[in-house]
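Novice: Can you read through this structure? Questions will come right after.
The values are calculated or read from the model by the stated rules, or taken from the named source; none is laboratory data. Keep in mind that this is a model prediction, so the values were computed, not measured. Don't worry about glycine lacking a Cβ; one is built from the backbone with ideal geometry, like all the others, and counts go over all protein chains shown.
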Amino acid sequence: MDKPDLIIRSRRVVMSETVSPASVHIRKGIITALGEWDEFTAQTPLVDAGDAVVMPGLVDAHVHVNEPGRTEWEGFTTATRAAAAGGVTTLVDMPLNSIPPTTTPDGFSQKLAAARGQCLIDVAFWGGVIPGNTHELKPLLDAGVRGFKCFLIHSGVDEFPHVTETHLLEAMPELARLNSVLLVHAEVPEPIENAAAELKGNPQDYQTFLKSRPRASENEAVELMIRLCRKTGARVHIVHHSSSDVLPLLKTAREEGLPITVETCPHYLTFAAEEIPDGATHFKCCPPVRERENREQLWAALADGVIDMIVSDHSPCTPNLKLLETGDFLEAWGGIAALQFSLPAIWTQIQKRGFGLHELSRWMSAAPARLAGLDKRKGRLAVGFDADIVIFQPEKKFKVVPEIIEFKNKLTPYAGMNLRGVVQSTYVRGVRVYEQGRFAENANGELLAK
Ligand SMILES: [Zn+2]
């Protein structure tokens, strides 16, 4: 057998069944063996991680890079640097907020052209379902998108219009035929319109915003998608799920065997509506961060397997759009910037709740890799898989300060927080792209589009 060109070893390597001493043998970016801790030859370069955890790189299946078109919000260089510093080795870019959106093959080729040569980590892409683009879905899949995202309510940007049941009844049978997956922003307009008509209260008060995005909007959207999943057979994935009310429904749908998966995000699992200060619009996202009790139900659903994964929904904007001077929650842009801090934010919470490295790895690496159809090469440390590896110091703590933030716009709800878990270094296909604040010079991230 060909000799490895790199070995990374540690006393704590996260593998499918165990966390144990091992050596990861790598050749040409691929894991060729998981050997005993002391299994190496003097000729092979060795990275000895000591007691630090060696685990699969994170796959973040929900990132808005926004380039081209809104590159001042975020771009491929800054997003992939932030990802690398946060232990993310693959991200999947969302089809909207960039201009053009990824809803046509031409839009996709513009996206690829913008990304080329800028990415420090591997990047894959979601396409979009909008009214009238069913005929574009197959060409987009052929061009390499990993699946499709749609909105059931105004997306926030006019060039990515939302769909109704009528549109979905056209698009979903096509997605079923193509064996693709539909990612759904699950809020429907009616309960939100009704809430707006009756809305009273100070717009700087988080509770006013919370009332403006009632749970009913999410609940009805999830009910609709379960129904359409059953009817069309298309795979459905609920993005950034927040309302705990429908978790029992989702559980029943899964027990019925419907192909539905669910994600939630670090902010829903960390923050609570009761604790968000007045005017702190950097906490605004849709659906909103809900009450403490809701957060605890989301954790229970992760433990139960009803929620499959945790992804960032990194959705930044320029600071002016957050309207911090007025602190108006109703008018500010909705979206949270935190790509770099998903891992420590979740690790900090996991520690309090009795979970461990296996859950972390399943929720943040293996499950999102499967969603994006990358589970034959990413999301696990296993022979034949890409050597996407994070060396992680789970006991160390750090404070989130602007100087360490690598994403373009530094406004984040994690500012000032002390988080547990430091990413020491990040390897993408066997190449170290990040180590203790320093980055690789070459942006050799692969565009996973084919
Ligand atoms: Zn999003």
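Novice: I need the full set of residues from segment 176-194 which are under 18 Å from V222 (Cβ atoms) and either crowded, with 16+ Cβ neighbours inside 10 Å or within 16 Å of the ligand (Cβ to nearest atom) (or both), in order please.
Specialist: Of everything in segment 176-194, those that are under 18 Å from V222 (Cβ atoms) and either crowded, with 16+ Cβ neighbours inside 10 Å or within 16 Å of the ligand (Cβ to nearest atom) (or both) turn out to be V181, L182, L183, V184, H185, A186, E187, V188, P189, P191, I192.
Novice: Examine segment 233-243 for a residue that is touching a Phe, Trp or Tyr at 6+ places or on another chain (Cβ under 6 Å), assigned to a loop (DSSP other than H, G, I, E, B), in contact (Cβ under 8 Å) with a residue 24 or more places away in the chain and within 16 Å of the ligand (Cβ to nearest atom), and state whether such a residue exists.
Specialist: yes
Novice: Yes or no: H167 of a type outside the set (D, E, K, R), surrounded by 14 or more Cβ atoms within 10 Å (Cβ to Cβ) and assigned to a helix (DSSP H, G or I)? Write out each step before concluding.
Specialist: Values: of a type outside the set (D, E, K, R): yes; surrounded by 14 or more Cβ atoms within 10 Å (Cβ to Cβ): yes; assigned to a helix (DSSP H, G or I): yes.
In short, yes.
Novice: Surrounded by fewer than 21 Cβ atoms within 10 Å (Cβ to Cβ) and modelled with pLDDT under 95: does that describe L324?
Specialist: In short, yes.
Novice: Suppose we filter L321, L330 for residues that are among the aliphatic types (A, V, I, L, M), in a loop (DSSP other than H, G, I, E, B) and either over 30 Å from N179 (Cβ atoms) or more than 19 Å from the chain's Cα centre (by Cα) (or both); which single one remains?
Specialist: Being among the aliphatic types (A, V, I, L, M), in a loop (DSSP other than H, G, I, E, B) and either over 30 Å from N179 (Cβ atoms) or more than 19 Å from the chain's Cα centre (by Cα) (or both) holds for just one of L321, L330, which is L330.
Novice: For T71, state whether it is within 16 Å of the chain's Cα centre (by Cα) and of a type in the set (S, T, Y).
Specialist: So T71 fails the test.
Novice: Right, something else. Hey, can you tell me all the residues within segment 387-425 that are touching an Asp or Glu at 6+ places or on another chain (Cβ under 8 Å) and either closer than 19 Å to I7 by Cα or surrounded by fewer than 16 Cβ atoms within 10 Å (Cβ to Cβ) (or both)?
Specialist: Within segment 387-425, D388, Q424, S425 qualify.
Novice: Could you grab me the full set of residues in segment 81-129 that are more than 16 Å from the ligand (Cβ to nearest atom) and either among the aromatic types (F, W, Y) or under 18 Å from S180 (Cα atoms) (or both)?
Specialist: Within segment 81-129, T104, P105, F108 meet the criteria.
Novice: Quick test for you: out of A221, A253, pick the one residue that is of a type in the set (A, V, I, L, M), within 16 Å of the ligand (Cβ to nearest atom), within 26 Å of L302 (Cα to Cα) and in a helix (DSSP H, G or I).
Specialist: A221
Novice: Going by the conditions given, is E74 of a type outside the set (A, V, I, L, M) and farther than 20 Å from C265 by Cα?
Specialist: no
Novice: Oh, and also: Whether any residue in segment 52-62 is among the small types (G, A, S), within 16 Å of the ligand (Cβ to nearest atom) and modelled with pLDDT of 95 or more is what I want to check. Walk me through how you get there before you give the answer.
Specialist: The first filter runs over segment 52-62 and keeps only residues among the small types (G, A, S), leaving 52, 57, 61.
With within 16 Å of the ligand (Cβ to nearest atom) added as a condition, the list becomes 61.
Cutting the leftovers down to modelled with pLDDT of 95 or more gives us 61.
Looking for residues that are among the small types (G, A, S), within 16 Å of the ligand (Cβ to nearest atom) and modelled with pLDDT of 95 or more, one finds at least one in segment 52-62, hence yes.
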